[in-house]
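Before any comments, here is the structure.
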């Protein structure tokens, strides 16, 4: 059986840390990166006798996530205890949601080379995060070779929303697109920092393969420890190939958890996993059910900003942008908003967009500047677009002017005026320059007449040089052609 | 649903309780008796009865998202059986 | 009468009238406590120094006359599963030997705010699992009425210290009868409030949907005074009810003429101890003579309450006690790896009854058994509650014996766990339904052991319970009888 005969079936579980000020069940702060065990209280330490009290803001954020993923919001929802032993879990149970999650039955649309595809979202539920373990002693400071571990409970109790996709994803590209779209949405609705390095966004992938055309799911493995979208893509690709190789040998895929190893670029089995956990879920008796008022749920939906997908569609329609361009500009909300201000003051939104995605993006990256650091506003960039469209300056000159705009915040019209850059579009002047260049380069003329049409570029270049770049290149090209063809 | 020694061993493992062979035998007998008594409940027809998780009919208890003081690191670690560098130390996990 | 033999309301008057200072009172109480303690063994920890410091503070309040409550300057005992900041809190288990919580339970904060004095932490069954206090890791508490008998459990030490006048009152906890049964066996008053009436924050959990903290006192008026101090909503406890707290002494002294009393026929089974039956019936007659109307009622599902309880309570307990794993506090027995550490620590730290219940609960919640056991028990719970709801549509309170028999001898019920569980047969359905109930003395057996009467009330209607109890109490003198600390 060849690799192409298998169809991958992928589901993604994303854990999103909410950027509430305090933890889910107590008033400890959620700030990242402070000294160990300094953001802990009796409740999140799980001291005997302590009790949880639900953070209302976390519920609000969770419902907003549900709305933004087109989920149904549960009429009746409750928390459950998920019981297991691990040293990062202070109560030896995690308060999560089992059978009555806050959000269920939603979807997310992604755009890939093949077009738009809808990925189902099974559920998005609320739960508390565990603490952090550092594995020490032993050879590599990694879990499987350490002598001991150290526990820090600062992170314990931070609110998480676990977003589970349907197994609708069929490739690593789709997985990447799903994650990118999801992250964009979460940032738009401002519920999380979505920072994978800091752990405020985590992803596990469930991967299986099956013969193309069959309906039955193959055995799936769970891939963990992927710290970036790039690694998710790589890990999925590796795992698909690995499982195909296993099946090709006539063996069976083992249902297990596997870790992505960034040094060896492989997924590896997490040995030591005994039998599957029996979590003994039961309703959390220290908390009461969540039965949200419909008006409140609607109010939260109304408070959502325009989401990336809707904005993208609108940009395509209102500003004539391509799907790709609209996608780039709406990836981040601030960028989209910046663009939209500009699109309203320019006569050429498409041109404006091109400048943003081209020279502006390049300079921002090179100089490590963000939107808030820019020395110019949309009106000034629009000015530049207008100058080019009016053919007052040519594209090469425009790049020069742009640098002034970016570095100094100078008005493009002023720059053109001060530097006398206005394009020369006077036919008589250009003809004179062309005549001179043709006379100075007789061999090239012969080549052209002999069939080498391409040399016209060289001649245009020479005219541009002679005019200190000010000649209207289009016109130069036309006039040279006219003279040579006559 | 008779309780076997194997069941007791499984449950002891789930509950992280080390048990000796004698204890397994003793607990199997005692727990078996208790479960036998509990079986009384199966006589009741509860097919149309909703479970009651809380005696009180409460819902929607929330608190404001306002930071409150945490314990100091020393207080957190004060009852720790083994601590190191501001952390709780535990033996190897794998 | 010695100072320490008085009730709270009596001593409060003395303190207010400056007939005695809190320091004098505390010293006298402490001296008696220590004199009697070798016989009774009520306390795991005695906090003499701290008590005297608290007494000095109380005296300042009493002197200024500002901020004085009936509990200001009064020595109390606190069951050792309530967290007391900086003071050892063990739950009578080896697992928490030396554990000093960095915070106070809400009820302890409230008692401190009222100016009460804590004389020590009282003995109990380990993690509140038991009906005799025999499972305590530390010591056996004796019944002051007969030192070869148990004081009941799990709040055995809280009951014995009040009965023996080592404290004016105490706080206990009740999950299946753990306040009421020891109160009955030791001849004192014990009240389990409505679920949610008193904050559970700082109560080391046994079964979260059943546990409540309540007062154990020498008489009904003292019980009302304690309730005034501890009841009320707590934002730290999500299951704490936001219901106003009345002054429980207001209704208390009113007549019970016309009060409707229900007697459930299921609570007088065959083979009951005839002395208990007789004492209960006499008490019901007494209530009638005070103007109450007696109605027969039925609680048809109550025979299933023990079975439901022994699924619900151990299941919740198995989860609540999972945190005792040797990582962050409490006992740690070293191991080669973490699983070994967990297993050895928990094997060494817990006694057999606790282990039995953890395993029972783990089993009931485990995959494949949840529906048959835990879910089934939750449904039976609704049926039991419905029985009470229907009964309370017809009557104001329900009266039953508290326990099937008076105090039993040490070792009498420890061989077969089931015989111990049957102690709770009259008290357990009340926790399942979340109702308030109290026990007060209604007789003394031929062998000089107290007999208790149970009164069950409507949710948040502790006031009616206290009224009925007060009327009965004042028309008898059971509450004036004192134990002699004899052995037999």
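Evaluate the stretch B:31-39: report whether one residue or more is more than 10 Å from chain C (Cβ to nearest Cβ) and under 30 Å from residue A:61 (Cβ atoms). Working first, answer last.
Start the filter on the stretch B:31-39 by keeping residues that are more than 10 Å from chain C (Cβ to nearest Cβ), which leaves B:32.
From what's left, under 30 Å from residue A:61 (Cβ atoms): none.
For the stretch B:31-39, residues more than 10 Å from chain C (Cβ to nearest Cβ) and under 30 Å from residue A:61 (Cβ atoms): absent.
Per the listing C:452, C:457, the residue uniquely touching a helix residue (DSSP H, G or I) at 6+ places or on another chain (Cβ under 7 Å), closer than 18 Å to residue C:281 by Cα and crowded, with 20+ Cβ neighbours inside 10 Å is C:452.
The set of residues in the stretch B:43-52 being over 9 Å from residue C:379 (Cα atoms) and either facing chain C (nearest Cβ under 7 Å) or touching a strand residue (DSSP E or B) at 6+ places or on another chain (Cβ under 7 Å) (or both) consists of B:44 alone. Would you check which residues across the stretch C:199-225 are in a strand (DSSP E or B) and within 13 Å of another protein chain (Cβ to nearest Cβ) and list them? Of everything in the stretch C:199-225, those that are in a strand (DSSP E or B) and within 13 Å of another protein chain (Cβ to nearest Cβ) turn out to be C:203, C:212, C:213.
Looking across the stretch C:23-40, the residues that are surrounded by 18 or more Cβ atoms within 10 Å (Cβ to Cβ) and either modelled with pLDDT under 95 or touching a helix residue (DSSP H, G or I) at 6+ places or on another chain (Cβ under 8 Å) (or both) come down to C:23, C:25, C:26, C:29, C:30, C:32, C:33, C:40. The residues of the stretch C:445-488 that are on the phi > 0 side of the Ramachandran plot and over 18 Å from the mean Cα position of the chain (by Cα), listed by number, are C:448, C:485.
Considering only the stretch A:28-49, how many residues are within 7 Å of another protein chain (Cβ to nearest Cβ) and surrounded by 21 or more Cβ atoms within 10 Å (Cβ to Cβ)? Quick ask: steps written out before the conclusion?
Pass one, the stretch A:28-49, residues within 7 Å of another protein chain (Cβ to nearest Cβ): A:28-29, A:35-42, A:45-49.
Now restrict to residues that are surrounded by 21 or more Cβ atoms within 10 Å (Cβ to Cβ): A:28, A:36-37, A:39-42, A:45-49.
Going through the stretch A:28-49 one residue at a time, the tally reaches 12.
Checked against the criterion of being out of contact with any strand residue (DSSP E or B) (no Cβ under 9 Å at 6 or more places or on another chain) and within 10 Å of another protein chain (Cβ to nearest Cβ), the stretch A:74-85 contains one or more residues that satisfy it. For the stretch C:315-330, indicate whether the set of residues that are under 30 Å from residue C:418 (Cα atoms), more than 14 Å from chain A (Cβ to nearest Cβ) and crowded, with 16+ Cβ neighbours inside 10 Å is non-empty. So far as the stretch C:315-330 goes, no, none of its residues is under 30 Å from residue C:418 (Cα atoms), more than 14 Å from chain A (Cβ to nearest Cβ) and crowded, with 16+ Cβ neighbours inside 10 Å.
Which strands (runs of 3 or more DSSP E) does the stretch A:50-143 wholly contain that include 3 or more residues that are free of Cβ contacts under 8 Å to residues at least 24 places away in the same chain? Hits in the stretch A:50-143: A:132-136.
State yes or no: is residue A:408 without any contact (Cβ under 8 Å) to a residue 60 or more places away in the chain, loosely packed, with under 15 Cβ neighbours inside 10 Å and more than 20 Å from residue A:364 (Cβ to Cβ)? Criteria not met by residue A:408. Within the stretch A:246-271, residues that are within 14 Å of another protein chain (Cβ to nearest Cβ) reach partners that are surrounded by 12 or more Cβ atoms within 10 Å (Cβ to Cβ) and assigned to a helix (DSSP H, G or I) with beta carbons closer than 8 Å, at six or more positions or on different chains, in the pairs A:271/A:144.
Screening residue A:224 with (1) at pLDDT 95 or above; (2) touching a strand residue (DSSP E or B) at 6+ places or on another chain (Cβ under 6 Å) gives one miss only, at (1). As a summary of the residue check, residue A:71 satisfies the conditions (1) over 30 Å from residue B:71 (Cα atoms); (2) within 10 Å of chain B (Cβ to nearest Cβ) except for the one numbered (2).
Is it the case, given these coordinates, that residue A:112 is more than 14 Å from chain B (Cβ to nearest Cβ), out of contact with any strand residue (DSSP E or B) (no Cβ under 6 Å at 6 or more places or on another chain) and within 30 Å of residue A:309 (Cα to Cα)? Against the criterion (more than 14 Å from chain B (Cβ to nearest Cβ), out of contact with any strand residue (DSSP E or B) (no Cβ under 6 Å at 6 or more places or on another chain) and within 30 Å of residue A:309 (Cα to Cα)), residue A:112 qualifies.
The values are calculated or read from the model by the stated rules, or taken from the named source; none is laboratory data. Every value quoted in this text rests on a predicted model; they were computed, and no experiment measured them. Virtual Cβ from ideal backbone geometry, glycine too; neighbours counted across all protein chains shown.
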